[in-house]
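Visitor: The structure under discussion is supplied below as structure tokens; questions concerning it will follow.
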Amino acid sequence: MNKISRRRFIQWLGTASALGALGAPSLAFPKTGARIVIVGGGFGGATCANYLKRFDPSLDVTLIESHKQFYTCPFSNAVLGGLYDMDFIRHDYDKLQSKHRVKVIQDYASTIDPDKQTVHTTAGRTLSYDRLVLSPGIDFLWNAIEGYDPAASLIMPHAWKAGSQTRLLLKQLHEMPNGGVVVIAPPANPFRCPPGPYERASMIAHYLKQHKPRSKVLILDAKDKFSKQALFQDAWDEFYPDHIEWVPGSQGGIVTAVDPKHMTVTADEEKIKAAVANIIPPQKAGDVAYRAGLTNDKGWCPVNQKTFESTIYKNVHIIGDASIAGKMPKSGFSASSQGKVCAAEIVAALRGDTIGTSSWVNTCYSLITPDYGISVAAVYRLGDKGIVGVEGAGGVGPRDAPLTTRQMEAVYAEGWYRAITADIFG
Ligand SMILES: Cc1cc2nc3c(=O)[nH]c(=O)nc-3n(C[C@H](O)[C@H](O)[C@H](O)COP(=O)(O)OP(=O)(O)OC[C@H]3O[C@@H](n4cnc5c(N)ncnc54)[C@H](O)[C@@H]3O)c2cc1C
């Protein structure tokens, strides 16, 4: 303790409170100087990089991210609704480099050799690691819906990774005629952000109601149930009775094919003409995890749910959407929470130590209008068979809440977004 400066000690206190119930590694351990490579600078990977350096500044942490800037999916629906512009959801890696001393390489990690403990990139780099963390997010099962391939996504955007796809969908909404139908096709579970398609429907309906009031959103769903369903449907009845129609899977909602040339979407053998088609295809772990043989037969990565180390290869940790994290949803908040726990586990393991059992958190806010929000929250713990929800902690917002609660939820949503992105990107 006497070697630790007062400033560093205060930083540690800040970290400990940010981690909440998480058992952060003890200050008394020596520094290891180990090499950690992280693939993916989104919610999971950037958090993990940042917290590794906070826990042990001697670590050599390199983050490989294919994009120069990161556009968040959270709040991208609000951009589609006209509430914010693209700059609001754009973040860069400057502070991660200058403040946290993470080395950021803009490159694409193409292959991993788990025996030699190396990562190879498309630009020809080879990086050696003592521990590797993958947080590559999702990739798509192209052609699971007939005709929906990468070329089709340039006409019928998924916008399920934010950035150019968000811009394309936004442009199409602005250019579509008044009276046109916007089809949204959400996939079956599991997929990134369970409430996301329904928040998107709400935000697009908000835009249409003001600018193209004769248009509507048609949700052709692969499922019969969805996250926060009662709250969404109550709000749609109140705000968008003429602008949103939801068709469940068992009643003809399952989209089986698309024809981008004629802008048709086939569900229940019926061809529906769309002015804008937002097809959200079924998903799997990010390609790099898949190609490294880290996925199971369903396309996701099995991990030890305490340490997030792969159950297939040693010294490789997988966090975020790509991992199978028990009952935790595939969300940015989950990924970030996992990134902190994973950082603490790695630092402890490198020092030959273990930490106590962690807990994780998640809250997902959804905006229905600019001033009306709903949420679901949960705290998670490690059970006998993996991560489970803590009974009585969190839950879906009450159905009969007064309007002031919904108004506050919209305010909290923005506060959550600003806080988590400041924590991750500095
Ligand atoms: C419309 C929408 C709304 C959402 N709203 C919310 C919300 O309100 N709250 C919430 O908590 N979550 C929300 N989510 C979910 C959230 O975006 C994801 O769960 C989260 O981004 C997952 O984090 P991740 O680290 O796994 O992946 P990402 O954040 O997607 O990060 C992955 C990164 O890895 C990079 N990458 C991938 N492969 C490679 C490679 N081989 N080499 C180099 N770089 C690579 C990618 O470029 C990307 O930057 C939303 C999602 C959508 C689609």
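Just so it is clear, none of the values below were taken in a lab; they were calculated from the coordinates. The model shown is predicted, which means the values in this text are computed figures rather than measured ones. When we count neighbours, we look across all protein chains shown, and the Cβ atoms used for this are built from the backbone with ideal geometry, even at glycine.
Visitor: Between the stretch 137-157 and the stretch 284-337, what is the separation of their alpha carbon centroids in Å?
Guide: 22
Visitor: If you don't mind, there's one more thing I want to ask. Which values, in whole Å and largest first, are the semi-axes of the equivalent ellipsoid of the chain obtained as the square root of 5 times each eigenvalue of the Cα gyration tensor?
Guide: Working: eigenvalues 287, 114, 74 Å².
Square roots of five times the eigenvalues give 38, 24, 19 Å.
Visitor: Modelled label-to-label distance, Val396 and Arg125, 7 Å Cα→beta-carbon offset: nm?
Guide: Between Val396 and Arg125, the simple spin-label model gives 4.4 nm.
Visitor: Find how much the distance from Asp85 to Arg214 grows on full extension, using 0.36 nm per residue of separation minus their present alpha carbon separation; answer in nm with one decimal.
Guide: 44.0 nm
Visitor: Which of the trypsin sites (Lys or Arg not before Pro) found in the stretch 340-426 are in a DSSP loop and have at most 16 neighbouring Cβ atoms, other than their own, within 10 Å? The partial results should precede the final answer.
Guide: On the way: sites: Lys340, Arg351, Arg381, Lys385, Arg399, Arg406, Arg418; in loops: Arg351, Lys385, Arg399.
Counting only loop positions with at most 16 other Cβ atoms within 10 Å, the trypsin sites (Lys or Arg not before Pro) in the stretch 340-426 are Lys385, Arg399.
Visitor: Here's another thing I want to ask about it. Taking the Cα-to-Cβ direction at Arg167 and at Gln407 and moving 7 Å from each Cα, how far apart do the two end points lie in nm?
Guide: 3.7
Visitor: Still on this structure, I have one more. Once the Cβ-Cβ distance between Arg35 and Gln69 is put in as r, and R0 is 22 Å, what FRET efficiency do you end up with, to the nearest 0.05?
Guide: Details: r = 26 Å, r/R0 = 1.17.
Approximately 0.30, to the nearest 0.05.
Visitor: Report, by chain and number, residues whose modeled amide H sits under 5 Å from the one on His317, excluding near sequence neighbours (fewer than 5 apart, same chain).
Guide: Amide H neighbours of His317, under 5 Å, 5+ apart: Leu132, Val133, Leu134, Ser310.
Visitor: Only sites in a loop by DSSP and with at most 11 other Cβ atoms within 10 Å count here; which GluC sites (Glu not before Pro) in the stretch 269-349 make the cut?
Guide: Values: sites: Glu269, Glu270, Glu309, Glu345; in loops: Glu269.
Counting only loop positions with at most 11 other Cβ atoms within 10 Å, the GluC sites (Glu not before Pro) in the stretch 269-349 are Glu269.
Visitor: Take the alpha carbon gyration tensor of the stretch 307-369, find the square roots of its eigenvalues, order them as a ≥ b ≥ c, and report rounded if a/c is under 1.5; if not, report prolate when a/b exceeds b/c, else oblate.
Guide: Working: a/c = 3.05, a/b = 1.96, b/c = 1.56.
It is prolate, given that a/c is not under 1.5 and a/b is the larger ratio.
Visitor: Considering only DSSP beta bridges with both partners in the chain, what is the antiparallel share in %, to the nearest 5?
Guide: Working: 39 of 70 bridges.
That works out to approximately 55 percent antiparallel.
Visitor: If you don't mind, there's one more thing I want to ask. Helix-only mean residue ellipticity at 222 nm, the chain, DSSP H runs n ≥ 4 weighted -39,500 (n - 2.57), per residue, nearest 500. What is it? Please report the intermediate quantities before stating the final value.
Guide: Details: 10 runs with 123 residues, N = 426.
My calculation for the chain gives -9000 deg cm²/dmol from helical runs alone.
Visitor: Compute the angle between helix 6-19 and the longest alpha-carbon principal axis of the chain, please, reported from 0 to 90 degrees and rounded to the nearest 10.
Guide: The helix 6-19 is inclined about 40 degrees to the chain.
Visitor: Contour minus end-to-end for Arg418 and Asn304, with contour as 0.36 nm per residue of separation and end-to-end as the Cα-Cα distance? Numbers along the way, then the final one.
Guide: On the way: separation 114, 0.36 × 114 = 41.04 nm, distance 3.10 nm.
Working it through step by step, the gained length comes to 37.9 nm.
Visitor: Let me ask something else. With r as the distance between the Cβ atoms of Arg101 and Val388 and R0 = 60 Å, compute the FRET efficiency 1/(1 + (r/R0)^6) and round to 0.05. Write down the numbers at each step before the final one.
Guide: On the way: r = 36 Å, r/R0 = 0.60.
Once rounded, the FRET efficiency stands at 0.95.
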